[in-house]
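Since the structure comes first, as structure tokens, the remarks are kept for the end.
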Amino acid sequence: MTKKVTLIPGDGIGPEIIASAVRVVEASGAKIEWETHVIGAQALEKFGTTLPESAIESIKKNKVALKGPLTTPVGKGFTSVNVTLRKTLDLYANVRPIKALPNVPCRYPELDLVIIRENTEDLYSGLEHVVVPGVVESLKIITEKASTRIARYAFEYARSNKRKKVTAIHKANIMKLSDGLFLSCFYKVAKDFPEIEADDKIIDNACMQLVMHPEQFDVLVLENLYGDIVSDLCAGLIGGLGLAPGANIGELGAVFEAVHGSAPDIAGQGIANPTAIMMSAVMMLHHIGEHKAAERLENAIFEVYREGKFRTKDLGGNAKTAEFADAVIAKLKAASSKAATDA
Ligand code: NAI
């Protein structure tokens, strides 16, 4: 049965990497009909809003979207559309697997951990105001409800993915009330998962440990801001932002996107690495039950890396975004003709 998926090309390198992802997903044999919607700065120009109702309705109806990165103006302009989208759809769990790809030069080729980031509150509440000129206040909102929900998600994720340990990352020594609440909710939930080890680390030490001994981590659960920062740090451990996929999961739907942003420094040149969005598409295919297509696509991406002939500029190669996609499609075709011959 054909499944409808909302497609959001995004800004900067978004349209380039999304075009490649669409091509490889189609070549994987998954039956998908795309519903394309523009959100962000482009939508503001066209429709007078960064988040048109039609895009929200499309995701609510299809319950799944593949999304390119969106640019957020720094220090001025509209509020982050990513944050608004996550809040509007209550996409509370941001799941970011950090797993090295074969034959990719990186610090930790064996690394395999998962970041679970709370996606709806914390300093991302956007509640900021000028108290008096020269003094601003920014509110960090942490609730028992959201902290319990994300802790439960992390432990359930660990259970269903046969992971052994969940570590809460926090700064409860300083933010005793807010991070203290996050941490106490974590340990309350941990009691329901006795087979999974639960521990915690203060964020500064956790960053040092991640750089020096990341193999001690398995599943990490973090508030929104820490999760954002630690995700990029961890992407660096496996070769860079071009490789780290992600999913925003909630009751109303799921939006799959790379960890990275719109990379304005390389946009329009056709040189972005599409691996992170392709691996996000692999997660999406699993999510909609297209497990075979997901496995085929993942294997094809891994094969291209194993062979090492096609690598984008961020990894020291000279393959263009579209050439990398062509290489993945060639592997998918080769695997399908081999399967046909074997049968
Ligand atoms: P960024 O992630 O866009 O780029 C950081 C660095 O990584 C740049 O040097 C870039 O060229 C490189 N890079 C990122 N993705 C790459 C890829 N696929 N292949 C090769 N190199 C890649 O972060 P930056 O520059 O801080 O943010 C740019 C914009 O993206 C901002 O407006 C920010 O708000 C937005 N952003 C959006 C996100 C989303 O839509 N989910 C997530 C993060 C940032």
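Summarised as an ellipsoid, the stretch 128-221 has semi-axes of 29, 17, 10 Å, derived from the eigenvalues of the Cα gyration tensor scaled by 5 and square-rooted, with the largest first.
Around the amide H of Leu111, modelled in the peptide plane, lie the amide H atoms of Ala100, all under 5 Å away and 5 or more residues distant in sequence or on another chain.
Size check on the chain: the Cα extents along the three principal axes, sorted descending, read 64, 50, 40 Å. Here each label is just a point 7 Å from Cα along the line to Cβ, and for His129 and Met212 those points are 4.4 nm apart. Across all directions, the average projected area of the convex hull around the alpha carbons of the stretch 87-144 is 7.2 nm². Of Ser54, Ser160, Ser20, the residue with the greatest mean-square motion in the GNM of the chain, using alpha carbon springs below 10 Å, is Ser160.
If you restrict to DSSP beta bridges whose two residues both lie in the chain, what percentage is antiparallel, to the nearest 5?
40 percent
Derived scalar couplings between HN and Hα for the stretch 255-270 equal 10, 9, 7, 6, 5, 6, x, 7, 6, x, 5, 10, 5, x, 9, x Hz in order, rounded to whole Hz, by the Karplus curve 6.51 cos²θ - 1.76 cosθ + 1.60 (θ = phi - 60°), x for Gly and Pro. For the chain, a Gaussian network of Cα nodes joined below 10 Å ranks Gly227, Gly250, Gly48 by mean-square fluctuation, and the top entry is Gly48. Within the listed set Leu139, Leu220, Leu123, the residue fluctuating most in the Gaussian network model of the chain (springs between alpha-carbon atoms under 10 angstrom) is Leu139. Estimated from the Cβ-Cβ distance and a Förster radius of 22 angstrom, the FRET efficiency linking Phe47 and Leu252 is about 0.50.
For the stretch 180-189, the Karplus equation 6.51 cos²θ - 1.76 cosθ + 1.60, evaluated at θ = phi - 60°, returns couplings of x, 5, 4, 5, 5, 4, 4, 6, 5, 5 Hz by residue, with Gly and Pro reported as x. Along the stretch 36-42 the Karplus relation, 6.51 cos²θ - 1.76 cosθ + 1.60 evaluated at θ = phi - 60°, assigns HN-Hα couplings of 7, 9, 9, 10, x, 4, 5 Hz to successive residues, with x for each Gly and Pro.
All C-alpha pair distances within the stretch 1-72, sorted into 10 Å bins from zero, spread as 21, 50, 25, 4 percent across the bins. If the viscosity is 1.002 mPa s and the temperature 20 °C, what Stokes-Einstein diffusion coefficient in µm²/s follows for the stretch 220-343 when Rh is the Kirkwood radius over Cα pairs? Result for D is 136 µm²/s. Working note: Cα gyration tensor of the stretch 1-122, eigenvalues times five, square-rooted, sorted largest first, giving semi-axes of 26, 21, 15 Å.
Scaled against 2.2 N^0.38 Å for its residue count N, the alpha carbon radius of gyration of the stretch 234-274 is 1.38. Note on the stretch 166-281: semi-axes of the ellipsoid equivalent to its C-alpha gyration tensor, largest first and rounded to whole Å, are 29, 17, 14.
When Met284, Met279, Met208, Met175 are compared by accessible surface with a 1.4 Å probe, the order from highest to lowest is Met208, Met175, Met279, Met284.
The values are calculated or read from the model by the stated rules, or taken from the named source; none is laboratory data. The shown structure was predicted, so the numbers you read here are calculated from the model rather than taken from an experiment. Every residue, glycine among them, receives a Cβ derived from its backbone with ideal geometry; neighbour counts consider all protein chains shown. Side chains are part of the model used for accessible areas, which takes the heavy atoms of the whole protein and leaves out ligands, DNA and RNA. Shrake-Rupley method; radii C 1.70, N 1.55, O 1.52, S 1.80 Å.
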